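**Student:** The following block contains the structure, expressed as structure tokens.
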Amino acid sequence: MEDISNVHVTDYIPTIYTTPATLHYKQNNQAKKANIFLERNGVVIVLYNKTKDMLVLVKQFRPSVFHQLVPEAERTSVDTNKYPPKQAITLEFCAGLEDKDAPSEVVAQEEILEECGYQVPLEDLEQIFRFCNLSETTGARSTFFYCEVTEAQRVSQGGGSVEEHEIVEVIEMKVEDVLNYSRQSYVCSPMNFMFLFNWFLYHKYPKTRQIA
């Protein structure tokens with residue numbers, strides 16, 4: 001996963017997943033404009049292995065995190081010895097984009113299988129709610145799910161979509177260890193990770209009072 005090489009930055013290359021645009025509008029009769037970055041909606045799943053009493057998480061290299069580590073003057077050709085790619089490997093919940101014409105729960109089911117290796121029935125997926133990824137540039141929505149799994153439902157090692165050349169490492173962690181991780185001064189995880197972990201502690205985890 002950390003074997004990253006030949007790193008350099010170019011101008012943005014459009015894809016089917018992301019599209020930059022400028023939105024023009026009037027507010028109180030005053031002309032305004034905003035640069036936005038259109039993204040597809042997605043799903044995020046809190047996956048709890050009740051057989052092992054562990055949360056099932058994933059680690060992966062995030063180019064955007066790595067990009068922020070490197071000063072602008074050094075992005076033409078990045079020295080990966082000076083800026084180790086391992087610093088941009090994040091710890092996250094299982095997640096994916098809604099890039100097909102299917103209900104959110106079906107996308108979540110497929111992501112659990114692809115990334116984490118568990119085959120779960122749709123009825124085991126509990127939708128928590130939908131969340132607006134509000135920022136200056138994107139307003140895409142994420143649908144959050146909770147799902148409990150057992151070792152009997154593990155059918156593969158996971159690791160991500162082969163077709164999309166995805167590289168994901170499955171990490172199983174005791175809840176106490178995730179809590180210690182979340183207490184660090186710097187947490188290399190997305191904001192929804194912290195939010196959903198606290199949601200899990202408050203709403204689902206039976207041992208919360210013992211580890212608080």
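**Student:** Please pick out the residue among Glu111, Glu123, Glu72 that is loosely packed, with under 14 Cβ neighbours inside 10 Å and closer than 29 Å to Tyr48 by Cα.
**Tutor:** Working: Glu111 fails: loosely packed, with under 14 Cβ neighbours inside 10 Å; Glu72 fails: closer than 29 Å to Tyr48 by Cα.
Exactly one residue qualifies, and that residue is Glu123.
**Student:** I would also like to ask the following. Looking only at the stretch 1-23, filter to residues that are in contact with a strand residue (DSSP E or B) (Cβ under 8 Å, 6 or more places away or on another chain) and in a loop (DSSP other than H, G, I, E, B); which one of those is least open to solvent (accessible area, probe 1.4 Å)? Steps first, please.
**Tutor:** At the first step, the residues of the stretch 1-23 found to be in contact with a strand residue (DSSP E or B) (Cβ under 8 Å, 6 or more places away or on another chain) are 1-2, 4, 12, 14, 17-23.
Filter once more, keeping what is in a loop (DSSP other than H, G, I, E, B): 1-2, 4, 12, 14, 17.
Values: Met1: 73, Glu2: 104, Ile4: 41, Tyr12: 98, Pro14: 97, Tyr17: 82 Å².
Checking each candidate, the answer is Ile4.
**Student:** When both residues are 6+ apart or on different chains and their Cβ atoms are under 6 Å apart, which pairs have a first residue that lies in the stretch 163-174 and is modelled with pLDDT of 90 or more, and a second that is charged (D, E, K, R) and in a strand (DSSP E or B)?
**Tutor:** Glu169/Lys59; Ile171/Lys59
**Student:** Find all pairs meeting these conditions: Cβ atoms under 6 angstrom apart; at least six residues apart or on different chains; first residue within the stretch 121-132 and closer than 17 Å to Lys204 by Cβ; second residue of a type in the set (Ser, Thr, Tyr) and part of a strand (DSSP E or B).
**Tutor:** Short answer, once both residue conditions are applied: Glu126/Tyr146; Ile128/Tyr146.
**Student:** Another question about this same structure. Looking only at the stretch 29-78, count how many residues are within 29 Å of Gly158 (Cα to Cα), β-branched (Val, Ile, Thr) and not in a loop (DSSP other than H, G, I, E, B).
**Tutor:** 7
**Student:** Considering each of Ala140, Ala102 in turn, give the residue that is touching a residue at least 60 places away in the same chain (Cβ under 8 Å) and open to solvent by less than 80 Å² (accessible area, probe 1.4 Å).
**Tutor:** Numbers: Ala102 fails: touching a residue at least 60 places away in the same chain (Cβ under 8 Å).
The conditions single out Ala140.
**Student:** Hey, can you tell me all the residues within the stretch 39-60 that are under 19 Å from Asn133 (Cβ atoms) and either among the charged types (D, E, K, R) or open to solvent by 90 Å² or more (accessible area, probe 1.4 Å) (or both)?
**Tutor:** The answer is Glu39, Arg40.
The values are calculated or read from the model by the stated rules, or taken from the named source; none is laboratory data. Just so you know, these numbers come straight off a predicted model, no measurement behind them. Virtual Cβ from ideal backbone geometry, glycine too; neighbours counted across all protein chains shown. The accessibility values were calculated without ligands, DNA or RNA, using every heavy atom of the protein model including side chains. Shrake-Rupley method; radii C 1.70, N 1.55, O 1.52, S 1.80 Å.
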